[in-house]
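Derivation of every value follows stated rules applied to the coordinates shown; laboratory data play no part. Everything numeric here is computed off the predicted structure, so don't read it as measured data. As a convention, Cβ positions derive from the backbone with ideal geometry for all residues, glycine included, and neighbour counts pool all protein chains shown.
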Amino acid sequence: MANKTSAINIQVDSDVKKDATLVLTDLGLSMSSAINLFLKQVVKKNGLPFEVTNVVDNKKILDVVCALIMKDGKCLIARRNKNDHLNGRWEFPGGRRQGLEDEKKTLERAFNEIFKMKVDIKDYLTHSICEYPGHIVDLKIYECDYVSGEFKLDIHSEYKWVSIEELLDYDLADADVILSKFLIKRALEESRNNSIID
């Protein structure tokens, strides 16, 4: 049985089309074949077959790792000092990655040396990429369990244990807002799934 086909009509920049046609011709591909290959990869990867970011050229990228620390059903957030570059906004605490340091090691170092807390680092959850004046932050978040210790205020002025649903009630740093939306959506989906099971 012959494969079913359907036509698509797309608008592209004329210069891009011209340049792409030259490249594809050298590869022995038609534009139609190339688009078919692209769409097959989208299906195979269940997403775009390449990374898409909002990274802007010529800005330093800071690789930062933070923690979703849970204790009694609530997570830890901390408020940066007002004279800090985040101007007193709230965030998930963590630290900047040094060189090729393992991300979990970054968190271990930050919580041992800076925050004086012991946490059990679990799984990587997601990340957000945000542009700030003068730099770009790639912020990765790991799920952690609280073990012991009181959060030491050094680069922060205060801290709180809040429910996931309350996160957006606080003036969070931009990158942390993106992470919070992910966490809230995840919590809602888990709650919905649990109610279906019950």
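Key figures
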{"item": "Per-residue Cβ neighbour rank within 10 angstrom, fewest leading, THR21, THR106", "result": "THR21, THR106"}
{"item": "Relative contact order, percent, region 60-197 [alpha-carbon distance under 8 Å, six or more residues apart]", "result": "31 percent"}
{"item": "For the chain, size of Cβ-based charge dipole, Lys and Arg +1, Asp and Glu -1, in debye", "result": "300 debye"}
{"item": "³J(HN,Hα) computed for each position of region 76-87 - Karplus, 6.51 cos²θ - 1.76 cosθ + 1.60, integer Hz, glycine/proline x", "result": "8, 10, 9, 9, 5, 4, 5, 8, 7, 5, 8, 6"}
{"item": "Cβ-defined net charge surrounding ASP120, 12 Å radius [Lys, Arg +1; Asp, Glu -1]", "result": "0"}
{"item": "Region 44-170 - share of DSSP beta bridges that are antiparallel (%, nearest 5)", "result": "70 percent"}
{"item": "Whole-number D in µm²/s for region 14-123 (Stokes-Einstein; Kirkwood sum over Cα pairs; 25 °C, 0.890 mPa s)", "result": "132 µm²/s"}
{"item": "DSSP-assigned coil residues among trypsin sites (Lys or Arg not before Pro) in region 1-47, each with at most 10 further Cβ atoms within 10 Å", "result": "LYS4"}
{"item": "Pairwise FRET efficiency - LYS40 versus LEU100, Cβ, R0 = 35 Å, nearest 0.05", "result": "0.50"}
{"item": "Choice from LEU24, LEU100, LEU86 showing the highest fluctuation, given a GNM over the chain with Cα pairs closer than 10 Å", "result": "LEU24"}
{"item": "Region 75-169 shape via C-alpha gyration tensor axes, a/c threshold 1.5", "result": "rounded"}
{"item": "At 0.692 mPa s and 37 °C, Stokes D of the chain from Kirkwood alpha-carbon radius, µm² per second", "result": "163 µm²/s"}
{"item": "Distance in nm between pseudo-label sites at LYS74 and ARG192 (7 Å out along the Cβ direction from Cα)", "result": "2.8 nm"}
